[in-house]
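Encoded as structure tokens, the structure appears first; notes follow it.
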Amino acid sequence: MANTLIDELKRQIADFDHAAKKEKIGRVMETGDGVARLSGLSDVASSEIVEFESGAVGVAQNLEESEVGVMILSGAESVKEGETAKATGRLLSVPVSDAIVGRVVNALGAPLDGRGEIAGERKLMPMEKIAPGVITRESVHEPLQTGIKAIDALIPIGRGQRELIIGDRQTGKTAVAIDTIVNQKGQDVICIYVAIGQKESKVARIIGELAKRGAMDYTVVVSAGASEPAALSFLAPYAGCAIGEYFMEQGKDVLVVYDDLSKHAWAYRQIALILRRPPGREAYPGDVFYVHSRLLERSAKMDRNHGGGSITALPIIETQAGDVSAYIPTNVISITDGQIYLESDLFYKGIRPALNVGLSVSRVGSAAQIKAMKQVAGTLRLDLAQFRELEAFAQFGSDLDEGTKRLIDRGRRAVELLKQPQYAPLVVEEEVAVLYALSRGHLDAVPTEKIREWEEEFLSFLRAEGGDALDAIREKKELSEEVEKVLKGRVEEFNKRFAM
Amino acid sequence: MRLTASQYAKALLALSAGAEDPKRVASSFLSYARKNRLTKKLPDILRIFEGLSEAKAGKLSLSIETARSADAAEREALGRLAEASFPGKKLLLRYVVNADLVGGVRMLSSDEMVDATAKRRLRELESRIKG
Ligand SMILES: Nc1ncnc2c1ncn2[C@@H]1O[C@H](COP(=O)(O)OP(=O)(O)OP(=O)(O)O)[C@@H](O)[C@H]1O
Ligand SMILES: [Mg+2]
């Protein structure tokens with residue numbers, strides 16, 4: 001036996017020099033909960049793939065001088081203390097082809113919908129990427145219509161913008177994002193919905209709703225479920241963004257929804273705690289701000305020389321008891337271009353979408369609004385602002401002078417008209433038409449409780465008989481004298497028929 | 001301000017360098033660690049300290065793993081191979097049997113490895129077949 005061993009060794013030694021070279025390794029010091037701490041591997045890069053001796057695969061996370069934290073992506077059960085691990089030189093990436101549209105994938109880009117591999121020639125898109133520089137960017141100037149009247153009128157979003165949707169639990173945050181996706185039908189926008197740490201049943205329901213409305217024809221869903229390792233929740237938004245970049249590089253417009261970044265921050269906190277990183281504010285690791293800004297910085301509107309594509313981001317944040325001054329909300333507010341603030345009180349009062357108009361802003365989107373919308377939105381904003389101030393007095397109804405009463409009545413009607421059910425997005429010319437009627441006083445005679453009925457019937461009337469008014473707004477994009485004449489005629493014609 | 005294990009290890013190395021009585025350095029460091037609740041970090045600190053002080057002395061701990069136990073002649077051959085692979089270091093060799101390797105040999109320091117095992121080749125073959 002010794003002889004055979006010697007022979008074997010001799011043979012091995014003969015190849016030894018050229019076959020086996022010295023490589024850097026790390027050793028597992030500690031492992032558990034899908035994470036491992038490794039000693040060594042001093043020159044591994046952040047987000048580089050690490051292979052364990054046992055066959056498990058992970059991704060390097062936090063890097064310190066003498067140790068590396070690794071999130072284990074597969075084979076976590078087999079990782080043992082003391083085993084070796086090697087850096088692969090490959091950065092974590094998602095394989096993407098055009099055929100990913102319509103599919104449901106996990107945080108690594110692997111299909112979850114049981115429909116087999118993603119077809120076509122796949123390109124590896126890195127999960128971590130430096131955001132495009134200012135030189136290749138262009139300012140936001142094309143609208144991204146949500147189909148939600150209140151938002152398109154008052155908090156308009158432009159392609160390439162980052163607009164935060166923020167509110168307590170169950171205030172309709174997801175609904176705003178999903179309606180926006182549904183409204184992109186026929187708009188040549190690729191949508192990516194990233195579900196982070198949500199219950200699998202909830203995600204399945206959302207996919208069902210999207211499919212029912214034909215929205216899966218242009219949508220990719222990236223899902224990291226609540227029951228899966230925190231590492232996948234952490235990676236999911238980067239995967240969604242990388243998929244978006246694949247399409248942006250082709251010059252396409254992309255919408256990415258991150259639902260939600262609060263759960264993303266929790267996943268990061270959990271991983272950091274296991275990796276024993278010193279906790280900072282609210283026990284989040286100190287670089288959680290950087291983690292979110294790095295992600296959202298990748299949303300952009302590229303200039304013509306760089307293909308002209310865009311990534312619009314709608315990150316979602318869940319607040320506790322409306323507290324927007326907590327650590328994660330303040331961070332994300334500061335790295336977005338505005339926020340859509342949804343409020344429980346309004347939601348329970350039946351004002352849905354539960355948009356707090358006073359606290360919501362869009363810092364760049366108005367440049368992208370069509371002129372006709374600007375013309376009706378200006379008065380709407382004023383009506384609502386005056387209404388908010390006067391609302392308190394409204395309780396003493398009888399003592400009010402006529403002028404004040406009229407303002408309050410107008411405000412009430414505006415609030416009523418801005419209500420909108422789920423899955424009923426409007427095209428922009430329809431939004432303009434109904435807001436026009438409000439702003440020019442055509443609804444003053446309609447009782448408040450009949451406003452929604454009025455809207456519904458008015459829209460059916462326009463679609464059936466008033467196509468000329470809708471066409472005129474769509475084509476001219478502004479309420480010129482002649483467009484206004486057609487529209488006014490249609491409103492008056494309808495009002496004569498409508499049973500007040 | 002919390003320091004990393006490697007910062008503590010470096011401090012310990014600096015302390016022990018000029019120390020006449022290593023025992024005193026050790027016990028004062030341990031009591032400092034206990035007071036500052038570093039006990040959890042101690043294994044990491046010691047591991048890094050060991051590596052640092054070896055490196056300082058030009059030494060390197062190396063384990064040589066083979067699938068079956070090697071006799072004296074084989075060990076000598078392996079030792080020469082190790083010196084060729086990790087030149088310029090005074091090697092502290094340890095021979096380990098690891099049946100998992102199937103055949104061949106690998107040499108591991110705390111952060112480097114030379115791997116000429118059958119297991120590795122099989123794995124490479126496997127990944128080449130899988131594509
Ligand atoms: N505009 C709307 N009109 C009527 N119902 C709505 C509207 N928007 C949302 N809802 C309903 O309100 C509930 C909560 O909505 P949604 O799930 O979008 O809220 P969320 O803030 O995302 O909740 P969570 O905190 O659980 O993620 C759902 O049942 C949804 O159908
Ligand atoms: Mg939700």
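Summary of values
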| item | result |
| --- | --- |
| Value of Rg to Rh for chain A (Rh from inverse mean 1/r over Cα pairs, i.e. Kirkwood) | 1.09 |
| DSSP-loop GluC sites (Glu not before Pro) across segment A:19-126, with at most 15 other Cβ within 10 angstrom | A:Glu64, A:Glu65, A:Glu81, A:Glu117, A:Glu121 |
| Largest to smallest principal axis extent of the C-alpha atoms in segment A:201-306, angstrom | 44, 40, 17 |
| Cα centroid of segment A:96-139 to Cα centroid of segment A:18-47, whole Å | 28 Å |
| Rg(Cα)/(2.2 N^0.38 Å) for chain B, N = residue count | 1.38 |
| Calculated from backbone phi, Karplus (6.51, -1.76, 1.60) coupling profile of segment A:212-217 in Hz, x at Gly/Pro | 4, 9, x, 7, 6, 5 |
| Lys pairs under 23 Å by Cα in segment B:1-125, provided they are eight or more residues apart or on distinct chains | 18 |
| Those GluC sites (Glu not before Pro) in segment A:123-228 that DSSP places in a loop and that have at most 14 other beta carbons within 10 Å | none |
| Rule-of-thumb Rg ratio for segment A:164-258 [Cα; 2.2 N^0.38 Å; N residues] | 1.05 |
| In Å², nearest 10: area of A:Asp409 left accessible to a 1.4 Å probe | 60 Å² |
| Relative frequency of Cα-Cα separations exceeding 16 Å in segment A:48-152, percent | 72 percent |
| Helix-only mean residue ellipticity at 222 nm for chain A, each DSSP H run of n ≥ 4 adding -39500 (n - 2.57), per residue, nearest 500 | -12000 deg cm²/dmol |
| Computed magnitude of the charge dipole of segment B:5-131 (debye, nearest 20; Cβ of K, R +1, Cβ of D, E -1) | 540 debye |
| Largest-first ellipsoid semi-axes for segment B:59-130, taking √(5λ) over the Cα gyration tensor eigenvalues, angstrom | 23, 14, 10 |
| Helix-derived mean residue ellipticity, 222 nm - over chain B, DSSP H n ≥ 4, -39500 (n - 2.57), to 500 | -17000 deg cm²/dmol |
| Normalised per residue, the volume of the convex hull around the Cα set of segment B:5-56 (Å³) | 65 Å³ |
| Zero-based 10 Å bins, Cα pair distances in segment A:135-191, whole percents | 21, 53, 23, 4, 0 |
| Positive-end residue of A:Gly378, A:Gly489, B:Gly103, charge dipole of the protein assembly as shown with Cβ unit charges | B:Gly103 |
| Coordinate range along principal axes, alpha carbons of segment A:94-369, Å, largest first | 48, 48, 41 |
| For A:Val364, residues with placed amide H under 5 Å, excluding near neighbours | none |
| Surface share of carbon and sulfur [accessible, 1.4 angstrom probe, percent] for segment A:94-369 | 53 percent |
| Coordinate range along principal axes, alpha carbons of segment A:273-370, Å, largest first | 50, 46, 17 |
| Most to least accessible of A:Trp454, A:Trp266 (protein chains only, probe 1.4 Å) | A:Trp266, A:Trp454 |
| Kirkwood Rh and Cα Rg combined as Rg/Rh, segment A:25-90 | 0.89 |
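The values are calculated or read from the model by the stated rules, or taken from the named source; none is laboratory data. Because the structure is predicted, anything quoted here is derived from the model rather than measured. Cβ atoms come from the backbone with ideal geometry, glycine included; neighbour counts cover every protein chain shown. The accessibility values were calculated without ligands, DNA or RNA, using every heavy atom of the protein model including side chains. Shrake-Rupley method; radii C 1.70, N 1.55, O 1.52, S 1.80 Å.
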